[in-house]
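Asks: There's a structure below that I have some questions on.
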Amino acid sequence: MDISTTPSSALVSEERLAEILANPGFGLHFTDHMFTVEWTPEAGWHGARIEPYGPLTLDPATAVLHYAQETFEGMKAYRHEDGSIWSFRPEENAARMVRSSHRLAFPVLDVEDFVQAVDALVELDQRWVPEPAGEKSLYLRPFMIATEKFLGVRPSQHVTFMVIASPAGAYFKGGVKPVTLWLTEEYTRAGRGGMGAAKTGGNYASSLVAQQEAIAQGCDQVVFLDAQEGRYVEELGGMNMYFVHDDGTIVTPETGTILEGITRSSIIELAGKLGHQVVERRFSIDEWREGVASGRITEIFACGTAAVVTPVGELRWEGGSVPAPRSDDLTMRIRRALVDIQYGRAEDTFGWMHRIV
Ligand code: PLP
Ligand code: COI
């Protein structure tokens, strides 16, 4: 893919950048540039460019605004101690966007083009990648939207893929501590044949009211159960889940209606290396309740790109609760093993890291 570059003539000052990187928060500040490429049936993908970051002009009838034909990814660029910059399994994000694109009736952007676009933006805006202290990183948000001006319901004949980047500190304020979960009994995230495995805005739109309920109940995050029986644990609004058992095995809900997390599959491999077998199967809410009560479940944790790995504490629902499991030792070991690879402090024996700069 040929990418043309128009550098910004209004770069954020070094002084302001230092201020932002000192305390980036999450998703608040954006780098100097953005990547765009467009698609039509006649021309295919064309017009790949990096331009100054700025607002889009969209016709009010633009399809994505009405029917939510969109898909996105979430990944990070990490600065290592030697100053080099790396991403984590970017081809997995690219491959997941291909799967999401099939589900959303989008054209496919090749894995190589996706990775090239992300690399090109990060390279140009490399001064925005924070120092590794405090687990800071540059959060990357590739996304694809239906940009045809048309109100008929059919796949858009004009599609735009973009990448934007945002420096990020810890996703949860207050550092790594167990998250309290709210079990929603009213709302589900995805049903059979639905979009649960796709990374698409609609899934997040549908999660908001449940997440709002969680916050109102004093919890940090919401847990969704399967839509069919309302018995099996699926995932959190933005994270996959794991249940550590006293015999050392770890259970994680099987794929199908959940997002196939890249952190999820990496942890399955990492845990294996640490001597823990991970079983992918259905896991019921009764097993959760009884497992914590009997001590058979020793730890519960959740993972995702933005949130990394976080211990799970108490689970609450209307009229009931399950206390926090007794430990978080393995959770913190797995967390450490993962971030050490990402920040280049441990040998990358899996070949997961991709050098950008
Ligand atoms: N589940 C949902 C609903 C998510 O939004 C995310 C975050 O991207 C995950 C799981 C974890 O996926 P990954 O590890 O690829 O970030
Ligand atoms: C991620 O972990 O990258 C996510 O996309 C979760 C959330 C910020 C949507």
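Derivation of every value follows stated rules applied to the coordinates shown; laboratory data play no part. Computed from a predicted model, the values in this text were never measured in an experiment. Quick reminder, even Gly has a Cβ in these numbers, built from the backbone with ideal geometry, and neighbours come from all protein chains shown.
Asks: When you look at Met1, is it under 24 Å from Ser156 (Cβ atoms), touching a Leu at 6+ places or on another chain (Cβ under 9 Å) and among the aliphatic types (A, V, I, L, M), yes or no?
Replies: No, not satisfied.
Asks: Something else now. Name the residue that is nearest to ligand 1 (Cβ to nearest atom), counting only residues in the range 147-182 that are over 21 Å from the mean Cα position of the chain (by Cα) and aliphatic (A, V, I, L, M).
Replies: The extreme case among them is Val159.
Asks: A further question follows. Consider Ala214 carefully, then state whether it is in contact (Cβ under 8 Å) with a residue 40 or more places away in the chain and of a type outside the set (Val, Ile, Thr).
Replies: no
Asks: If you take just the strands (runs of 3 or more DSSP E) that sit entirely in the range 262-321, which of them hold at least 3 residues that are of a type in the set (Phe, Trp, Tyr) and in contact with a Lys or Arg (Cβ under 8 Å, 6 or more places away or on another chain)?
Replies: none
Asks: Let me ask something additional. If you take just the strands (runs of 3 or more DSSP E) that sit entirely in the range 136-204, which of them hold at least 1 residues that are of a type in the set (Lys, Arg)?
Replies: Strands (runs of 3 or more DSSP E) meeting the threshold: 137-146.
Listed here are the residues, each with its yes/no results for (1) touching a residue at least 24 places away in the same chain (Cβ under 8 Å); (2) surrounded by fewer than 15 Cβ atoms within 10 Å (Cβ to Cβ).
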residue: Asp286; (1), (2): yes, yes
residue: Ser294; (1), (2): no, yes
residue: Cys303; (1), (2): yes, no
residue: Val308; (1), (2): yes, no
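Asks: If you take the residues of the range 207-231 that are of a type in the set (A, V, I, L, M, F, W, C) and part of a loop (DSSP other than H, G, I, E, B), which of them is nearest to Lys177 (Cα to Cα)?
Replies: Cys219
Asks: Taking the options Ala216, Ala190, name whichever one is away from ligand 1 (no atom under 16 Å from the Cβ) and of a type in the set (A, V, I, L, M, F, W, C).
Replies: Matching residue, one of Ala216, Ala190: Ala216.
Asks: State the number of residues belonging to the range 239-261 that are outside any strand (DSSP E or B), more than 25 Å from Ala94 (Cβ to Cβ) and free of Cβ contacts under 8 Å to residues at least 40 places away in the same chain.
Replies: 3
Asks: A further question on this structure: Give the residue, chosen from Ser13, Ser4, Ser8, that is free of Cβ contacts under 8 Å to residues at least 60 places away in the same chain, touching a Pro at 6+ places or on another chain (Cβ under 7 Å) and not hydrophobic (A, V, I, L, M, F, W, C).
Replies: Ser8
Asks: Now for a separate question. Mind listing whichever residues of the range 59-90 are part of a helix (DSSP H, G or I) and more than 14 Å from the chain's Cα centre (by Cα)?
Replies: Ala63, Val64, Leu65, His66, Tyr67
Asks: Further question on the same structure: Does Ala227 qualify as being buried (at least 21 other Cβ atoms within 10 Å of the Cβ) and without any contact (Cβ under 8 Å) to a residue 40 or more places away in the chain?
Replies: Against the criterion (buried (at least 21 other Cβ atoms within 10 Å of the Cβ) and without any contact (Cβ under 8 Å) to a residue 40 or more places away in the chain), Ala227 does not qualify.
Asks: Name the single residue that is surrounded by the most Cβ atoms within 10 Å (Cβ to Cβ) among those in the range 64-88 being within 16 Å of ligand 2 (Cβ to nearest atom) and over 16 Å from Asp125 (Cα atoms).
Replies: Step by step, filter the range 64-88, then rank; the result is Thr71.
Asks: Then there's this: Filter the range 323-340 down to residues that are out of contact with any Phe, Trp or Tyr (no Cβ under 6 Å at 6 or more places or on another chain) and either basic (Lys, Arg) or buried (at least 21 other Cβ atoms within 10 Å of the Cβ) (or both), then give me how many there are.
Replies: Summing the residues that are out of contact with any Phe, Trp or Tyr (no Cβ under 6 Å at 6 or more places or on another chain) and either basic (Lys, Arg) or buried (at least 21 other Cβ atoms within 10 Å of the Cβ) (or both) in the range 323-340 gives 7.
Asks: So how many residues does the range 205-233 have that are of a type in the set (Asp, Glu) and within 15 Å of ligand 2 (Cβ to nearest atom)?
Replies: Result for the range 205-233: 1.
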